[in-house]
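Values in this text are rule-based calculations from the coordinates and carry no lab data. In this text, all values refer to a predicted model and were calculated from it rather than measured experimentally. With ideal geometry, Cβ positions are generated from the backbone for all residues, glycine too; neighbour counts draw on all protein chains shown.
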Amino acid sequence: MNAGVPLGLSSGLCWGAADFFGGIQSRRLPALTVAFWSQLAGALGLAIALGIEGVRPNATGVAWGLAAGVGSGCALVLFYRSLAEGTMSIVAPISACGAVVPVTAALLTGNQPGTLAALGVLATVTGVVLVSRPHTPPRPASPTVEGNPVSAGNSAGAGSAARGGRRVVAMALGSALGFGLFYVFVDAGAASTAGTAAAAGTAGSHGSPLWVIAGARMSSLAILSMIALVSRRSALRWPGRRIGAVALVGIGDTGANLLFAYAATTGNLAVVGVLGSLYPVATVALARWLLGERLSGGQNAGVILALTGIGLLAAA
């Protein structure tokens, strides 16, 4: 089995756990506060790792990382905000539709997976789509007076809820695009570091994708800082006693980024990108276990189909 499969799967599960707890914190703090301080904590952890490993910077890898960070910085704010406003079991899978971006990029560049891997990609993406379908309970019949419904207030409330639902879906789709671009740019940066190492014959000095993730973290922090400057003052504040939990979210997210970057150096982008996009499985499982969120029959089938796709990818 290619090392990209377990690394990609580990990145997806790690992202899912970080996203769940990031979403929990976003229900108590502004989404921008959670995104900024978690990213800063992850950056500090990454700086320590760079100092310990002593990896020299790779200019091309850092440049690709900077591009990746623009997408992930915007995506994180949208994602945490949608997790705070919507149902985690729905928001997380919608954002995972970003898997379409690396799959498309892989196909356009001729980096096509084998037959078994392609079936795994198809099963996994289909599973994510099924999990993304909202479960709408049947609405009770409206009371009537002389045959006329008396639900003007309820209709207004339903309209407001529908608009709120569309807003959450739009934010989740925006985060999907940002995450998808992150996958593609990190893969390009990881490939550039590996290429430099091969040309120099020193994989240890230039082959690590640490600087790709460092570049991504730098630009995502810059994006978040710009958003903070143009937003209302209360959107970014010190998280207080919740700083420990927020920091752990950032460290988990950075760990997932590194796992994905290493996976990208050994695996097919279409396969690794889909595995990294499986974070909703962990998020949904934690939401079901810790928050008691219920899934519909179709959503349960989607989880099973996604797990089947993982098995096919592992066997490819």
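Details
- Calculated FRET value between Leu173 and Leu229, using beta carbons and R₀ = 25 Å, to 0.05: 0.45
- Rounded to whole Hz, the Karplus (6.51, -1.76, 1.60) HN-Hα couplings of segment 27-35, x for glycine and proline: 7, 10, 10, x, 4, 5, 4, 5, 5
- The length gained on full extension between Leu122 and Arg237, counted as 0.36 nm times the residue separation minus their Cα-Cα distance, comes to 37.2 nm.
- Highest mean packing first, where packing is the average number of other Cβ atoms within 10 Å per residue, the peptides 238-249, 8-19, 116-127 line up as 8-19, 116-127, 238-249.
- Amide N proximity, segment 72-87 versus Ala222 label position 7 Å along Cα-to-Cβ, cut-off under 13 Å: 73
- Take each peptide in 294-300, 274-280, 255-261, count the other Cβ atoms within 10 Å of every residue, and average; sorted highest first, the result is 274-280, 255-261, 294-300.
- Sorting 60-71, 177-188 by average packing, meaning the other beta carbons within 10 Å per residue, from highest down gives 177-188, 60-71.
- What the phi angles of segment 7-21 give under the Karplus curve with 6.51, -1.76 and 1.60, with θ = phi - 60°, is a coupling list of 5, x, 5, 4, 5, x, 5, 5, 4, x, 5, 5, 5, 4, 6 Hz, glycine and proline written as x.
- Amide hydrogen neighbours beyond the local backbone of Asn58, cut-off 5 Å, H modeled: none
- Gyration tensor verdict on segment 239-316 (Cα atoms; rounded if a/c is under 1.5, prolate if a/b is larger than b/c, oblate otherwise): oblate
- 3J(HN,Hα) from dihedral phi, segment 286-299, Karplus parametrisation 6.51/-1.76/1.60, rounded to Hz, x for glycine, proline: 5, 5, 5, 6, 9, 10, x, 5, 9, 10, 7, x, x, 5
- Using a simple spin-label model with pseudo-atoms 7 Å out from Cα toward Cβ, Leu307 and Leu107 lie 2.8 nm apart.
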